[in-house]
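Okay, structure first, notes after.
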Amino acid sequence: MAYDFRGKAVLVTGAASGIGRAAALSFAKAGAGVAAADISDPGGTVEAIAAAGGTAVAFVCDVADEGQAREMVEGAARSLGRLDIAFNCAGIGPDGARIPYAPLTEARAEDWHRIVGVNLNGCFFCLKYELIQMQRQGFGAIVNTGSTGGYRFAPGFHAYAPTKAGVVALTELAANENARAGIRVNAVCPGPTYGTQLMNNSISADEGLEQRMKDAVIPMGKFGSMEDVVEAVMWLSSDRSGHTTGQSLFVDGGMHARP
Ligand code: NAD
């Protein structure tokens, strides 16, 4: 059954590319008004939504900066009238192109700080102001973005693993603190997902990576699609998951459970 988000106000971070962009388009297609936020101009996502007859507004924002995150969340709530749903998807990690893979002994402090800044601090800053807005309203649903990489720790990913484990901890803490305030907080934890910049770069940087992962690391023997992840995000955001909070839902072909 298709999701119906008509009349809902949805904020998506990391909305210029990959999973965030796919989620923004899906929420809009299901009738939601969307605030699309990204450090890169999310204008392309907003135009695609408008071309399909939907409603969206763009925010250029570095989630690693508390002031920018606050302005973005408050601006989104102002533009859309309130905030029913927030999908905190912005994230970075080593992909062999933008940030090198490195063992802990060779990881550079600047890369470490950047990943912690976006993935962990950024999630906290967005969450903080989304919760303030949703507490005022008395309702809301938030989905953070973890990763199988925050549960099974692949060598070379340095700060990525602890930041994504931290996102799960933040999710449970926020869920507990807000369970009686009408606000649910969950996380989606993708495994390797086709079509994202992150995975395109990883595959280009290491030719054998895809086959090795399919053969030895992912029990189902295949990568996921952005649609697989968005489906979980929409369920966690909708009333269909009304009794679910503090959950981290892996969408990874069984990778987190491999022997
Ligand atoms: P992506 O690189 O295509 O998209 C990430 C988006 O986040 C980009 O548009 C980027 O500009 C934005 N972003 C980066 N830094 C930002 C900042 N400081 N402020 C605001 N926006 C910022 O990759 P993706 O795979 O779609 O990533 C989405 C999320 O999914 C990330 O949190 C990532 O860690 C997670 N994830 C992805 C995979 C995968 O296989 N692609 C697996 C597990 C988890």
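The values are calculated or read from the model by the stated rules, or taken from the named source; none is laboratory data. Since we're looking at a predicted model, the values are computed, not measured. Methodologically, a virtual Cβ is constructed for each residue, glycine included, from the backbone with ideal geometry; neighbour enumeration extends over all protein chains shown. For accessibility, only protein heavy atoms count, side chains too; no ligands or nucleic acids. Shrake-Rupley method; radii C 1.70, N 1.55, O 1.52, S 1.80 Å.
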query: Any idea what angle helix 160-178 forms with the longest principal axis of the chain, computed on alpha-carbon atoms, 0 to 90 degrees, nearest 10?
result: 30
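For the peptides 134-141, 20-27, what is the packing order when you average, over each peptide's residues, the other Cβ atoms within 10 Å and list the highest mean first?
Working: 134-141: 17.4, 20-27: 26.6.
Highest mean packing first, the order is 20-27, 134-141.
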field: Backbone HN-Hα couplings from phi across the stretch 205-220 [Karplus 6.51/-1.76/1.60, Hz, Gly and Pro as x]
entry: 6, 9, 4, x, 4, 4, 5, 4, 5, 5, 6, 10, 10, 9, x, 7
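Remind me, relative contact order of the chain in percent, using alpha carbon pairs under 8 angstrom and six or more residues apart?
Once normalised by length, the contact order is 18 percent.
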- prompt: Averaged per residue, what accessible surface does the stretch 9-250 expose to a 1.4 Å probe, in Å²?
  reply: 44
- prompt: In straight Cα distance, which lysines are under 27 Å from residue 128, not counting same-chain residues fewer than 8 positions off?
  reply: 8, 164
message: Let me check I've understood the local charge: for residue 193, count other residues with C-beta under 9 angstrom from its C-beta, Lys and Arg +1, Asp and Glu -1. What total comes out?
response: -2
- request: Just add up the charged neighbours of residue 117: K/R +1, D/E -1, any other residue whose Cβ is under 9 Å from the Cβ of residue 117.
  value: -1
- prompt: Percent of accessible area on the stretch 9-250 owned by carbon and sulfur, 1.4 Å probe?
  reply: 52
Net charge over other residues, Cβ less than 12 angstrom from the Cβ of residue 82 (K, R count +1; D, E count -1): 0
task: Please report the orientation-averaged projected area of the chain, defined via the convex hull of its C-alpha atoms, in nm².
output: 13.2
